[in-house]
Amino acid sequence: EKGGYDYFMLKEIAEQPKAVADTLLGRIDEAGSLTLDEVRIPASVLREVDKVVIVACGTAYHAGMIAKYAIEHWTRIPCETELASEFRYRDPIMDPRTLVIAISQSGETMDTLMALRHAREQGAKVLAICNTNGSTIPRESDAVLYTHAGPEVAVASTKAFLTQLVACYLVALYLGQVRGTKWGDEIQSVIRELSEIGTQVEQVLETMEPVRELARTLADKNTVLFLGRHVGYPVALEGALKLKELAYMHAEGFAAGELKHGPIALIEEDLPVVVVVPSPRGRSVLHDKIVSNIQEIRARGARTIVIAERGDTTVAPYADHLIEIPATPTLLQPLVATVPLQVFACELATARGNEVDQPRNLAKSVTVE
Ligand code: M6R
């Protein structure tokens with residue numbers, strides 16, 4: 001059932017282009033409008049929403065962090081993303097104009113379930129983004145948008161993450177469409193690019209051999225750091241989480257802008273640091289800032305592993321290892337930038353002799369708080 005792959009994780013990484021395409025299927029019409037009839041929250045209610053709160057755990061939380069950037073940019077509705085396990089304990093402020101989005105692959109994560117129950121008690125509307133038909137979280141929500149990743153068996157989430165991102169983008173764009181906010185050329189071109197993103201994920205998968213080779217050379221390291229900015233920051237966190245889970249290594253993700261506020265003290269000779277570089281088009285200020293971050297850490301001896309858009313010539317001189325990804329709109333970059341990090345973690349785990357599909361101490365779904 002592993003379809004010729006050694007591990008479910010490898011199979012699931014390879015299935016990502018299809019998972020992404022399946023999650024888009026039937027949801028964008030020929031005119032480039034979104035048809036999310038399954039979101040059974042009436043448009044009149046969605047038009048009144050004045051705050052979006054996203055709750056999730058682990059990898060799904062990272063998808064939620066990325067969704068915040070998209071929702072605020074495309075809809076101008078204030079959005080916060082919170083760890084489900086923290087949410088209800090701070091007595092969060094919600095009312096019927098709050099839209100809560102609960103993201104969960106399994107649909108059974110107890111922390112997320114308790115957060116959404118709390119939200120509904122306060123009168124908020126809850127939309128689930130879920131991969132498992134008929135599971136508890138969608139059953140207890142007002143509406144559900146299913147991700148169509150297919151069953152995910154490996155404990156480390158891969159294809160579910162990419163489809164959660166797609167679902168989040170769809171919800172963000174749909175909210176924009178329903179409310180008519182900023183509904184212009186940018187949105188239309190994003191929808192076009194989103195509908196073709198599976199091909200780009202495929203391209204990334206075809207170029208992963210050097211990433212595997214690199215990972216094998218790092219098997220005896222103790223620490224790997226990950227840096228990103230903007231949507232690259234949650235990508236860095238996701239890269240670090242994958243490495244912890246699979247390789248049992250000390251891995252930390254940082255917002256690159258935080259470097260000089262502390263983490264730069266960790267940089268030492270030959271320390272592997274993975275940096276996710278935003279597109280030099282789009283948010284070019286961020287791009288230039290991260291290039292100087294790379295220079296700073298390299299000057300202190302770090303071994304820089306740089307994930308950057310193909311053709312981004314400015315970063316090459318400072319990259320000990322350059323991993324190129326296709327050009328995408330800034331907000332969509334996580335869909336292609338995360339893939340090398342999954343491959344990297346999987347290969348490191350294998351090189352260290354770890355059990356890839358069933359990492360120690362972890363369960364696929366966490367049904368206790
Ligand atoms: O089923 P869920 O999406 O609710 O699970 C949330 C987390 O437990 C999950 O993403 C976990 O962090 C994965 N093992 C990450 O690879």
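The values are calculated or read from the model by the stated rules, or taken from the named source; none is laboratory data. This structure is a prediction, so every number in the text was calculated from the model and none was measured. Here the Cβ positions follow ideal geometry from the backbone for every residue, glycine too, while neighbour counts run over all protein chains shown.
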| message | Which residue is surrounded by the most Cβ atoms within 10 Å (Cβ to Cβ), if the candidates are limited to region 55-114 and must be more than 13 Å from the ligand (Cβ to nearest atom), polar (S, T, N, Q) and at pLDDT 95 or above? | response | T81
| field | Filter result (closer than 17 Å to V231 by Cβ and either assigned to a strand (DSSP E or B) or among the hydrophobic types (A, V, I, L, M, F, W, C) (or both)) within region 292-322 | value | V306, I307, A308, E309
| T338 in contact with a Gly (Cβ under 8 Å, 6 or more places away or on another chain) and either more than 23 Å from Q164 (Cβ to Cβ) or β-branched (V, I, T) (or both) | yes
| task | Test each condition in (1) more than 16 Å from the ligand (Cβ to nearest atom); (2) surrounded by fewer than 23 Cβ atoms within 10 Å (Cβ to Cβ); (3) not in a helix (DSSP H, G or I) for V153 and report the one that comes out false. | result | (1)
| message | Looking at the structure I just gave you, is R117 charged (D, E, K, R), in a helix (DSSP H, G or I) and more than 16 Å from the ligand (Cβ to nearest atom)? | response | no
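Table: residues versus (1) within 16 Å of the ligand (Cβ to nearest atom); (2) surrounded by fewer than 20 Cβ atoms within 10 Å (Cβ to Cβ); (3) modelled with pLDDT of 95 or more; (4) not hydrophobic (A, V, I, L, M, F, W, C).
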{"residue": "L286", "(1), (2), (3), (4)": "no, no, no, no"}
{"residue": "Q295", "(1), (2), (3), (4)": "no, yes, yes, yes"}
{"residue": "L335", "(1), (2), (3), (4)": "no, no, yes, no"}
{"residue": "R360", "(1), (2), (3), (4)": "yes, yes, no, yes"}
| query | Just one of L173, L205, L145, L165 is under 13 Å from L24 (Cα atoms), more than 15 Å from the ligand (Cβ to nearest atom), of a type in the set (A, V, I, L, M) and touching a residue at least 12 places away in the same chain (Cβ under 8 Å); which is it? | reply | L173
| Which condition breaks for A215 when tested against (1) surrounded by 15 or more Cβ atoms within 10 Å (Cβ to Cβ); (2) small (G, A, S); (3) without any contact (Cβ under 8 Å) to a residue 60 or more places away in the chain? | (3)
| said: Tell me whether region 180-195 contains one or more residues that are touching a helix residue (DSSP H, G or I) at 6+ places or on another chain (Cβ under 8 Å), part of a helix (DSSP H, G or I) and within 12 Å of the ligand (Cβ to nearest atom). | reply: no
